1. What distance in nm separates the two pseudo spin-label positions at residue 518 and residue 66, each 7 Å out from Cα along the beta-carbon direction?
2. Extension gain residue 601-residue 166, at 0.36 nm per residue separation less the Cα-Cα distance, in nm?
3. Quickly work out the residue 198-to-residue 36 label distance, labels modelled 7 Å from Cα along the C-beta direction, and quote it in nm with one decimal.
4. Note down the magnitude of the dipole of the range 144-289 about its Cα centre, charges +1 on Lys and Arg C-beta and -1 on Asp and Glu C-beta and zero elsewhere, to the nearest 20 debye.
5. Can you give me the accessible area per residue for the range 537-683, using a 1.4 Å probe, in Å²?
6. Helix 459-493 versus the longest principal axis of the chain: what angle, 0 to 90°, nearest 10, using Cα atoms?
7. First select every other residue whose beta carbon is under 15 angstrom from the beta carbon of residue 112; then total the charges, Lys and Arg +1, Asp and Glu -1.
8. Which entries of 422/492; 141/178; 578/637 have Cα-Cα distances beyond 18 Å here?
Amino acid sequence: MAYNDMNDFESVESGTITFDFRGFLFKVLSFWKLILLCLGIAMTIAYFNNVRKQNIYRLDSLISIENDQNPFFTANTSISFNWGGVSGKVGKMITAIKTRTHNEKVVDSLQFYMQYLVEGKYRKTDIYKNAPFYLELDKSKGQILNKPIGIRFINDTLFEIFSEFESDRVSVQYYDTKTKLSVNVPQGPFLQSYTFGESIQLPFLNATIHLKPSIKVSAGSEFFINFLSFDNVVNSYRSSMKIEPFSKTSSSVLRLSLIGNNKSKIVDYLNATTAILSKSELERKNLYATNTIRFIDSSLATVSTNLKDVTDEMNEFRRQNKVFDVDDEISQISNQLKIYDNDKQVEQSKLDYLNRLENYLSTKTDYTKIAAPTSVGIEEINILSSVSKITSLAIERQNLEYTAKEGNVLFNDLDRQIDAEKNVLLETIRSTKYTLGIQLNTISKNIAKLEAELSGLPEDQQEYLKIQRKLDISLESYNVYQAKRSEAAIVKAANVSDINVIDEAKDIGGGLIGPNKSLNYMMALMVGSFTPLLIILIIFLFDNNIHGSEDVEQLSRIPIIGLVGKYKHDNNLVVYDKPKSAVAESFRAIRSSLQFIYKRQDVEGGRTLMVTSSVSGEGKTYCSINIATVHALSGKKTIILGLDLRKPKIFGDFNIANDLGVVNYLIGEKTIEDITFKTHIENLSIVPSGPIPPNPSELLMNDRMGTLIEQLKKDYDMIVIDTPPLGLVADSIELTQYADATVFVIRLNYTKKGMLKYINAKYKAGEVKNISFILNFYKHKANHNYDYGYGYGYGYGVYGNAYHEGQKKTILNRIKKAFKINT
């Protein structure tokens, strides 16, 4: 080989290996049927997923959280209430909507634990309000869980309940207490008829079914009732509800959104959520006023009883005594006493309230039931502020109990605030009580002084004046409490919730968010494409076989002299039996290439060709026979020398026994003439290998081997040497000295790439000379680009089914070929 060729060879050996994008692309194209199959499967799965899955909808509503002032609460109102503010209320409302308690109220009010179903194409479908009947449940009795109960219409008045129980025990739930029990049911099919409006009392169903008016249902129509676990339904809606501010600039406006499969249910749940939340908020807001009214009622009852007693006493006195007329001076003293008595009554009421409040704060833990201090005329700003804060914090703690467990740090923080405010209030109460005590002492002294001035009057007049004062005081107190109660009742009645509905939930079409059919198809397209591509990439990266001439070119600079393709034939004599076939033409092309090599070497006499391969099964013997045959048919006197002493098989196609051969000559038993056999092919002889020896390598190194080759070169124009595989044994290396040219057979999709490194190393070391490659088992593919003039795509042997002379293309063969995946 020339110096430049050897440099090219070394550059192949030392060059860095990069990813073969072009080869990978060809690999992908060869697997196009697999890719189409994966795409078809993925798109089919996506289609059935889209048609089988229930539609998912999302609807929403808008509410605002405001601090709505009561229209009857003005500066002249004598009773002050803590209505709260917007600050912090939005967060509380968001928390309240997500609480279990709130969602239990909504689910219970809508009875969403009960489903009305009809049999659909893929599943039972919830028809909700579209059912032609409705159930009136007996919540005090059990209803079977998660087992659809069938209802079949017989006529306009009769229906039958049907089901089938696999077990004699089922689980039922009592929706009044939410408890679950296991009850006995009749095992097997169940069928029983009822009239509409008749009470149904069964172990698994307790209700009355009413037919909706003006709805006609055909006989035989079937519906189903399914009861769900109350807790599971609550958790489902609780987790599906989403609350968020409508915009960053309007934090007091909230958007409530809910996801579900039935739009009517979503609408009802959102609107019921708003209604129940508004009602609960109004009840909480009225709690302070309700406690005040309750306190006034209790005080009013006492005053009313006292007024009745004093009135009876005055009537009794008048009946027993005559009516007195007192002079102006005495009347003035009496009026002054009445004023003092009223003042004393007011201050005493304040003192009594403070005593009760102090005792309440010291003995109770629920501070949500404190009455307004202004209900008894207390205007002390510190007391009003402290009571308002304590009540607000107590209500906040009460709401937190629905969402947080006891021991949460939020409870500790609220308790610290309540205790701190309570201590301030208790100190203020003690200070105010001391002040009230001083005022009461002063009033009592003034009353005693005026009563001393009246002591000079007759006893009956004094008694009259005393009773009259008591009557006036009781009447004044009664009127005051009545006025305050009326005022508190009006304020409470006129109160409105801080939650206002801006945009209620409504089904106006749309709202569909799933299944995302386009996304599913896109995902199917991606998965269906990338999955086979990944598989092909793995195959490509771990594939160590040689698949085409490009692989050979990348791994070696040894030239390729021919392509021998697949061919379906019952023996190896393709060139002889099918001389007009394309595979015969490919061997003639190889013959021409060999002639060029021999002319360049200027070989005299017979020419030798060694045919070898890396391992068994690559078509070495096949190529030896047909190369020899094509030379013989051209008029050259040719002989095949079988030197594969370990696994001889060249004799089989010529119907020659392997009893005598090269082995017999090398051990000195026979002459060359004794081991040479004529074949039925003109100009072609064969020397089989003979019996398998125990020491084949030593025999091939025998001096008689050289003598044999020299004699054959004198007697024949072409000697084709069939040798053992070069990659398995060293025999072929010993025989290269006798070869004018060497052909290394590579079977595509079979020979390993590593074997080319081995032959490269032998070639670089000079152990193998004048070597060329034959690509065997070649099949032409449109996605391969070979730079050779052959381009046949032909076949050979018993391996394949490419087109050839006389081969029939049956329908079965066409079908097999269509579904075969190329590798």
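The values are calculated or read from the model by the stated rules, or taken from the named source; none is laboratory data. Computed from a prediction, not measured in an experiment: that's the story for all the values here. Virtual Cβ from ideal backbone geometry, glycine too; neighbours counted across all protein chains shown. Heavy atoms of the whole protein, side chains included, go into the accessibility calculation; ligands, DNA and RNA do not. Shrake-Rupley method; radii C 1.70, N 1.55, O 1.52, S 1.80 Å.
1. Going from the residue 518 label point to the residue 66 one covers 4.0 nm.
2. 147.4 nm
3. Roughly 6.4 nm, to one decimal.
4. On the way: 16 positive and 13 negative charges, 163 e Å.
For the range 144-289, the charge dipole is close to 780 debye.
5. Values: 6130 Å² over 147 residues.
Normalised by residue count, the accessible surface of the range 537-683 is 42 Å².
6. 20 degrees
7. That sum, taken over residues with Cβ under 15 Å, equals +3.
8. Cα-Cα > 18 Å for 422/492; 578/637; rest within.
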